[in-house]
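No lab work stands behind these numbers, since they all come straight from the coordinates. Not measured: the values here are computed from a predicted model. In this analysis, Cβ positions are derived from the backbone assuming ideal geometry, glycine residues included, and neighbour counts consider all displayed protein chains.
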Amino acid sequence: MRGSRLLFLLLLSGVFIHMVEAQDVLIVEKLGDKINSNNYDEITPVLNHDGKVLTFTRCGYPGYDKTLIEDKVDLHKSLSKRAYTKRLRSIYSTIAGYEVKNPEKSEFNQDVWIAYANHENFDVVTHPGFPLNNALPNSVCAITPDDKAMVVINQFSPDGGMGKGYSMVYKEYNGWSFPYPMFITNYSNEGTDVGLTMSTDGNVIIMTLQKNDGSGNNDLYVSSRTGDFTWSEPVSLGPKINSQHRETTPFLTIDKSTLYFSSNRPGGYGGNDIYYSKRVNSSWTDWTDPQPMEAPINSEADDSQPFFDINSGFLYLSSKRDGTSDIFRVRIEKPLKETVTVKGKVMNPKNEDLIEDVKILKAYANSEHYEEVQVSRDGFYSMELSKGSTYDIKAVKDGHISQKSSISFKKDYVYLKDYTLDLSLEPMEKGTKINLKPIYFKQSKPAILKESFGALDELAQFLNKNSNMYIIIEGHTDNQGKEDELMDLSQQRAEAIKDYLVYKKRIKPVRLTTVGYGSERPVNDNSSTELRATNRRVEVYIDEVASMLKVERKTFQSRN
């Protein structure tokens, strides 16, 4: 595997971008000296999903991890320096197909480095040891959507040795796991170039392969996931993508519609250039004619390994424009917002009529501290919600019952569209249902379980806020039992709720009417245990909303 020809990966990033229209001036920025060096090649930039962690590969660095396992023995520890160097020279020569005289300075001496960013500057750089790195070629191709694993080149045995292909390494408490092999049906690669990009859903990979029946020196092939570590036989992306020239370093956008890759085909700026192409349909073999990206992204030198970080709007790439291979970036889009736009309408769910002049409130999940976001005069609203938190959203208006909706957005996910969330407000009128959390009873008894007290406390609070409201408490059962007994049980359970509201929460009894329907009004056919459980329920409806309370006694009746 040639270090300067390795690939990069896809992350939860990337949308199809018209580079010419992105901004007036494209400024290519070389990353700082903590990433790039004057004497070594830096290649394969790959970022995690929030753009705060950059992995890259450094080639020919004398401080590489020298672990070299053969027959369960680390040769770096067991051999003399001269014997170790001789053995490593032999291994590299076998990989290259030609004699490698100085393995330390060889392009096959590749180690993974990891950099961490404050804001947009990667100023903390680490060099992990074994098993992520060893004396054999190492490079990261992809980071999984949950940031807990990485795809790396080659396959390794704990007993020693290396084979062609790819592996997965998993983040552990104190480092990284030993690489687990990925099994790709009928995988073969006659060349030394490798590289892979993975779709954001983790179900598709596109690889650089050199095959005897291919179009040229290196082509791009697609494979689909068939199991946790298994993939289908690679299929060529077709004649639009693959030419008689060299196609490498693919990058697939978040919607799987656009592919970026490197090629030395005619029509570019010189050497290897970065191209992009769009899928014409759902097929992986039908693409538009690839177009080279404009200067200064492409140069007269080799430019490859593009990686677009949608968080910052930077396109990362490796380039030899300054002599050795270094990592550059160019901002081609505005930085991704850290919020998501949520918008929708407020309506009466009974008839979908818009409700005007309502307040929109939000609160963090499980908190009752709502804050007013806006007042909607026309029944439509829009707000910005931060990623990484769960919110409760509701609309409120006097004389209406609101229903809260919970919503959350992943911090490391890309939301290309605004999120639509319609809110419900029901007028407080006869027949309107008051939504409650589930009320639980002891089996076949009217005794309320303690976990339901919170829901009843919320109902009491609602009744206190709407002191001119009268309600009907309905009890319902499944169809298991005698009908007269079920009717009695449903009535008793409705009465138990009334007693709780009257004697525990001091709600005036005249405002509460109870009725038991037994099994007469099921919400399903009672054909399973789960369905029968949903039929065992209590429902509360508005019976009347009066301008003034009915005449009633000022003292509570004693309980007999």
Over region 172-237, calculate the relative contact order: mean separation of alpha carbon pairs under 8 Å at least 6 apart, over the residue count, as a percent. 32
Quote the Stokes-Einstein diffusion coefficient, in whole µm² s⁻¹, for region 57-186, based on the Kirkwood radius over alpha carbon pairs, a temperature of 20 °C and a viscosity of 1.002 mPa s. 137
Could you let me know the centre-to-centre spacing of region 456-519 and region 230-298, using Cα atoms, in angstrom? 66
Once R0 is set to 35 Å, what does the formula 1/(1 + (r/R0)^6) return for the Cβ-Cβ distance between Q403 and T226, expressed as a FRET efficiency to the nearest 0.05? 0.25
Considering only Cα-Cα distances, which of the following residue pairs are longer than 27 Å: K171/K362; K430/K465; K343/K505; K256/K404; K52/K256? K171/K362; K343/K505; K256/K404
Students often get this wrong: which residues of region 314-344 have the backbone nitrogen under 19 Å from the point 7 angstrom along Cα-to-C-beta of D422? 342-344
Fewest first, what order do Y260, Y470 take by the number of other Cβ atoms within 10 Å? Y470, Y260
Helix 81-96: angle to the longest alpha-carbon principal axis of the chain, degrees 0 to 90, nearest 10? 80
Loop only by DSSP, 16 or fewer other Cβ within 10 Å of the Cβ. Give me the chymotrypsin sites (Phe, Trp or Tyr not before Pro) in region 113-201 that pass, ordered by residue number. Y173
For n ≥ 4 DSSP H runs only, could you compute -39500 (n - 2.57) per run for the chain, divide by its residues and tell me the 222 nm figure to the nearest 500? -3000 deg cm²/dmol
Which value in Å does the Kirkwood hydrodynamic radius of region 433-545 take, with 1/r averaged over all unlike C-alpha pairs and then inverted? 14.2
For region 3-331, would you read off the P(r) tail past 23 Å as a percentage of all alpha carbon pairs? 55
Relative contact order [Cα under 8 Å, 6+ residues apart], region 433-545, whole percent: 37
Any chance you could check the Cα centroid distance between region 370-390 and region 316-353 for me, in angstrom? 21
What's the Cα-based Rg to Rh of region 399-463, Rh via Kirkwood? 1.13
Alpha carbon convex hull of region 259-359, projected area averaged over orientations, nm²: 11.1
Could you let me know the centre-to-centre spacing of region 126-186 and region 52-97, using Cα atoms, in angstrom? 15
Taking K337 as the anchor, which aspartates and glutamates have their alpha carbon closer than 19 Å to its alpha carbon, excluding any fewer than eight residues away along the same chain? D50, E120, D255, D309, E384, D412, D418
Given 37 °C and 0.692 mPa s, compute D for the chain with the Stokes-Einstein relation, Rh being the Kirkwood radius over Cα pairs; round to the nearest whole µm²/s. 116
Volume of the Cα convex hull of region 339-427, divided per residue and given in Å³: 87
For region 115-257, alpha-carbon Rg over 2.2 N^0.38 Å: 1.10
